[in-house]
Amino acid sequence: MSATTFGWLILLCPLVGTVVIAVGFARLGRAAGWIGTLAIALSFAASVGAFLGLLSHSPEHRELTSSLWDYAVSAGVDARLSILVDPLSIYMALVVSGVSTLIHLYSVAYMRSDRGYSRFFAYLNYFVFSMLLLVLAGNFILLIIGWAFVGAASYLLISYWYRRTTATRAGIKAFVINVAGDVGLVLGTFFLFRHTGTVDFLKTFAAVPHVFHHNSTDLVAASLLLLLGAFAKSAQVPLHTWLPDAMEGPTPVSALIHAATMVTAGVYLIARMHPLFELASTAADVAAIGGCLTLVIAATIALVQVDLKRVIAYSTMSQIGYMIMGVSVGAYSAGLFHLMTHAFFKALLFMAAGSIISAMGNVQSLDRMGGFRRALPFTFVAFVIGGLTLSGLPPFSGWLSKDDIIGFLDHRGGGFLILGIFGYLGALLTAVYTFRMIFRAFFGDPVPEALELEHGHLHHADVPRNPLTGEEEDTDVGFPGPEHQIAEREWPMRLAMGTLAMLAVIGGALQIPGVDDAVTRFLEPTFRNSRFLHTQVSLGAAWIGLIIGAGIALSGIAIAYAIWIRSPATAVSLRERFAPVHRFLFAKWYFDELIDYVVVRPVLWFGQFAQSVLERVVVGGAITGGGTGIVRAGSAVVRRAQTGFLRYYAALMVVGVSAVALYFLISAA
């Protein structure tokens, strides 16, 4: 089969899985999980087939398109149901489908006792289908459709436990912020179409240099609007506040959204639109600065949060900031390489966190955890591997991918050197908060739940409670199931986590300076027209950067050890000494409050004003009411004239004829 045929199969498999599970959910029972996992595994197999098919073409002929039919031909728009199979789309498809397969496998066991089991896997398959549609789209119209589908799927999954008020609010928040980004994507597409006359990617990229000049107003405006969509989907400052709240979804959802799918869509979009951003360098600079701000702000917030999943969520924000910086400054292969390694270790961290939370009886607070090293040995090793990779310690893959981005920034010099310095600061903070999690959850005196597990009994709370609010909950449909699963007792969870741990360790071998650059070579045809294609960091500078990165990671781990292991009282004294700073960071830089005052309240006020004044007084009173009053007055006059007496009608006729005659006499005179 051709690479494009495999491309359609990549989309077809999760779509069929969604339909089969949705239609047969009442009869499938626990088979729904295996059907959903098989569907995504087949999609991954098709991605491998497309990858091999691309390699059979020469590098200059690895941009293949395929259309099923024209679905919109109007006003000059010739939009087709078409996919673009090129190195970038297949690279993304491999990462998305591969990691998603492991997340599905993990979910088979983790979600086993949940009453909405079939519904969960239908949503999960739909989410993966939407993301794959987004990355394989061959034109802006299909991209927008996939973009919107991902937003809808994220709402369904974040609000999956729909009887939890916190979950439904988090789902709505994510949906609304992403819709704001969707508007930017649509408007940006319109700007481009108005000048290029096409919505096809390849035709647009070919036309852009001929219809725009460097930093032309319309091109910068279009790029910034596209960037709005990217920042909303990838949770970059200031459109990031939905991401920590998305932790209200089940842990596999957190892994799926934060590792390989939704939040990487913005990174993909900037990389795909690189011909636009290179010509609109102002927009690219805005993106790079936004990514830098996000990675530092998120890292500082993660230092003080106590909810385990939310700490990992802020870590995701920070790491996406690195990727945004990379693809915005021209380090495309470095940014996308970090996207891949991040998918491995971040999914692993969430899965390990899910195992700890299950052992705690659904408690997520680090303040309640401790001493799980012996009770959860497999989970402990997996979490440490994920933590070392996230921290950027050699020889783990995160060390190579993160420093690849920072090295490129340092190589470009000037203002980019400042971004690189902040990148190193973010790396230090990353190592500190990562090992803060590890030391607090696995070291120290075992908590009662850990002791209970050491004696062979998995803790289950007598009264299920919402981990965020402490409210008492049910275990029926719309709430978490009554049982909890840990990796030590479930082989699907161990298999998924073990595979990701192995990939986190060896994945960096694809891009070792002076040894191999497989990612760069594979992606090169997509970026062959980029002016940064041959901008390479020297071998010596690359290894110096890697050594500096390793030293920073070790320093961060040493700081965490000194604070939370050697002298645990230090953490308390620091919190008391710097109480205002701690409050500021714990309040997440007050972004939620700021958005509430600047956006939410003014919009609510205007809505109330529109209802009470514009609608009731102006529309209902003056316009509708005024017109109604005139009609009613006229009707009253006519009714008064309709007396029913013949003499009144005769007199009225005489008066009318006399008035007409008088008018003509005056006119004749």
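The values are calculated or read from the model by the stated rules, or taken from the named source; none is laboratory data. Remember, predicted model here, so these are calculated numbers, not experimental data. When we count neighbours, we look across all protein chains shown, and the Cβ atoms used for this are built from the backbone with ideal geometry, even at glycine.
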Exercise. Mind listing whichever residues of segment 298-340 are of a type in the set (Val, Ile, Thr) and touching a Pro at 6+ places or on another chain (Cβ under 6 Å)?
Key: none
Quiz item: Taking segment 441-459 on its own, how many of its residues are of a type outside the set (A, V, I, L, M) and crowded, with 21+ Cβ neighbours inside 10 Å?
Solution: 2
Quiz item: Somewhere in segment 43-53, is a residue more than 17 Å from Arg119 (Cβ to Cβ), touching a residue at least 40 places away in the same chain (Cβ under 8 Å) and touching a strand residue (DSSP E or B) at 6+ places or on another chain (Cβ under 7 Å)?
Solution: yes
Quiz item: Any chance segment 514-527 includes a residue that's among the hydrophobic types (A, V, I, L, M, F, W, C) and farther than 14 Å from Asp404 by Cβ?
Solution: yes
Quiz item: In segment 162-180, which residues are surrounded by fewer than 17 Cβ atoms within 10 Å (Cβ to Cβ) and in a loop (DSSP other than H, G, I, E, B)?
Solution: Tyr162, Arg163
Quiz item: Which of (1) of a type in the set (D, E, K, R); (2) assigned to a loop (DSSP other than H, G, I, E, B); (3) touching a Pro at 6+ places or on another chain (Cβ under 9 Å) does Asp462 not meet, given it meets every other one?
Solution: (3)
Exercise. Only one of these is in contact with a Leu (Cβ under 7 Å, 6 or more places away or on another chain) and not polar (S, T, N, Q): Ala283, Ala246. Name it.
Key: Ala283
Quiz item: Only one residue in Val327, Val304 is surrounded by fewer than 24 Cβ atoms within 10 Å (Cβ to Cβ), assigned by TED's automatic domain parsing to the domain that holds Ile559 and out of contact with any Cys (no Cβ under 9 Å at 6 or more places or on another chain), so which one is that?
Solution: Val304
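Yes/no matrix, rows are residues, columns are (1) within 23 Å of Thr168 (Cα to Cα); (2) over 12 Å from the mean Cα position of the chain (by Cα):
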| residue | (1), (2) |
| --- | --- |
| Asp218 | no, yes |
| Leu224 | no, yes |
| Leu243 | yes, no |
| Glu248 | yes, yes |
| Val263 | yes, no |
| Ala283 | no, yes |
| Ile289 | no, yes |
| Leu293 | no, yes |
Self-check item: Failed item, numbered, when Ala299 is tested on (1) of a type outside the set (Asp, Glu); (2) surrounded by fewer than 20 Cβ atoms within 10 Å (Cβ to Cβ); (3) touching a residue at least 24 places away in the same chain (Cβ under 8 Å); (4) assigned to a helix (DSSP H, G or I)
Solution: (2)
Practice problem: With respect to Phe522, determine if the residue is among the aromatic types (Phe, Trp, Tyr), surrounded by 15 or more Cβ atoms within 10 Å (Cβ to Cβ) and assigned to a loop (DSSP other than H, G, I, E, B). | Solution: no
